[in-house]
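Nothing in this text is a laboratory measurement; each read-out follows from the coordinates by a stated rule. As the structure is a prediction and not an experimental result, all values here were calculated from the model. Here the Cβ is made from the backbone with ideal geometry for all residues, glycine too, and neighbour counts use every protein chain on show.
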Amino acid sequence: MNHANRPANRLPAARFSGFSLPLAFVLAVLVLFCAAFMPSATAQGKSSSSTVIDANAKIHVTVADEPQLTGDYTVDGDGNITMLYINSVHVRGLTPTQAAAVIRGNPASGAKKATGLTQFYVSPQVIVSIAEVGGIDVNVTGLVTAPRHYTLKSDARLNDVLQQAIPALNADLTKITLTRGDTTQTVNYRSFLENKSEEGNPVLRNGDVISVTSHDPLPISINIQGQVGKPGRFQVSAGTSAYTALQAAGGPTLLANTKAIVIKHFGATEQIPFDFVSAGQSPTDAVINPILLDGDTMIVPASPISSSYTLTGPGIRNPSEYALPDGTPISLASAIGKAGGLTDRAKINQVNIIRINPTTRATQTIKLDASTAAVQGSYLVQPGDNITIEQGSAPTKIDPFTLIGLAIAIIGLSRR
């Protein structure tokens, strides 16, 4: 160590009316006075003097006449603080009085080596107080009486926090979920309660999340019919909502009337209306998205065929949906006329028509060459038809100067 920067070997003295006393002696008298008449002077802030220091605690260390050593220190996960001159000091598990003694250290005696601040100071005076008790914070969620954050000792185990959180009667104690950072493990806590298994009572770490769930419910049987991707019977978990069940069945088809779905309870005559879109917007609302019961049937009807037709595509001047009064079919020529006619270069010989079968509800794609007036006048547009007419590419425009240049070149070649 550079002795020029080494702390002085003695503390300054205090002077009183013609005589002087070592400052250390004065401080010692003050400490004894506080201990006798003000017990809280050496207390730990919010805790009593018997409270021990834990990992992640914040402590305040006062070293008399040494502002560079006096200050707040945070105890690391291993229970140590780092101080100038003496480096790492282990304080976890110590009371403030014991921690002050360790920091102060012991002077050299016989063959023993001086420790702590006594290596550099004569009778250093140290006071330690606790600003924050420390420990670890864990979060308990799920089927417990008191789901919340808990502050525990740094050596706490799963049993320590679950005894405070109190799992519910229907909690599955064989599958407690412990999430730590990006990893999740399943703990058989019951094995600890019954056999004191260490695996069932792991040591906790700061930030752990403990989730307590219920036993896996028995599956229920439901029947989904109509316009869904995979109609039929399904086994789903008890507590499954109508929206989730429909998704499991492949979801409504494009022809489904999602606002007119009904649910029938087994043995009941009434029907419960169900709106698939609204349920998706409010999945936790039990009225909008009811929970299914064993034996329930869901019926997804088809949308009624529209009494209109649709003309789309760049080959139509005014593409839009047009009504068919009373659902009566009209000719393709009349339909095109209502839409303002065809645009230039309309591919009237390549008309695409998507039609819905009114009985089976199946869709059919029709390719129609309507380039003649006879076809346009005889082909009937049905309710629900979706007609698309595309447009051909514009003819290539040739610059007249380019033509002149090309002609001159050709004439020049012919004269050779």
- Query: For Lys347, which lysines qualify as cross-link partners when the Cα separation must be under 17 Å and same-chain residues fewer than eight apart are set aside?
  - Reply: Lys367
- In nm², the average projected area of the convex hull spanned by the Cα atoms of region 219-300 is 4.6 nm²
- Expressed in angstrom and ordered largest first, the alpha-carbon extents of region 308-388 along the principal axes are 37, 24, 23
- Using R₀ = 56 Å, calculate the FRET efficiency as 1/(1 + (r/R₀)^6) where r is the Cβ-Cβ separation of Ala394 and Ile291; round to 0.05. 0.40
- Percent relative contact order for region 308-388, counting Cα pairs under 8 Å at least six residues apart, stands at 40 percent
- Item | Under Karplus coefficients 6.51, -1.76 and 1.60, residue-wise ³J(HN,Hα) of region 225-233 in Hz, glycine/proline x | 10, x, 7, 10, x, 9, x, x, 8
- Task: Could you rank the peptides 381-392, 303-314 by their average count of other C-beta atoms within 10 Å per residue, with the highest value first?
- Result: 381-392, 303-314
- Amide H partners (placed H, <5 Å) of Ser303, local residues excluded: Ala256, Asn257
- Message: With the crude spin-label approximation of a point 7 Å out along Cα→Cβ, what separation in nm comes out for Thr177 versus Asn159?
- Response: 2.5 nm
- Message: Can you classify region 136-212 as rounded, prolate or oblate using the Cα gyration tensor, where a ≥ b ≥ c are the square roots of its eigenvalues, rounded means a/c under 1.5, and otherwise it's prolate if a/b beats b/c and oblate if not?
- Response: rounded
- region 224-244 to region 314-328: how many Å between their Cα centroids? 38 Å
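What order, most packed first, do the peptides 95-108, 262-275 have when packing is the mean number of other Cβ atoms within 10 Å of each residue?
Output ranking for 95-108, 262-275: 95-108, 262-275.
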- Query: Normalised by the residues of region 219-300, what does the relative contact order come to in percent, with Cα pairs under 8 Å and at least six apart?
  - Reply: 40 percent
- Query: Of the cross-linked pairs Lys259/Lys338; Lys58/Lys175; Lys230/Lys264; Lys230/Lys259; Lys175/Lys230; Lys175/Lys196, which ones have a Cα-Cα span greater than 27 Å in the structure shown?
  - Reply: Lys259/Lys338; Lys58/Lys175; Lys175/Lys230
- Task: Using only alpha carbon pairs under 8 Å that are at least six residues apart, calculate the relative contact order of region 136-212 and give it in whole percent.
- Result: 41 percent
- Task: Pop out the ³J(HN,Hα) list for region 64-73 in order, Karplus 6.51 cos²θ - 1.76 cosθ + 1.60 with θ = phi - 60°, rounded to Hz; leave Gly and Pro as x.
- Result: 3, 6, 10, x, 6, 9, 7, x, 8, 10
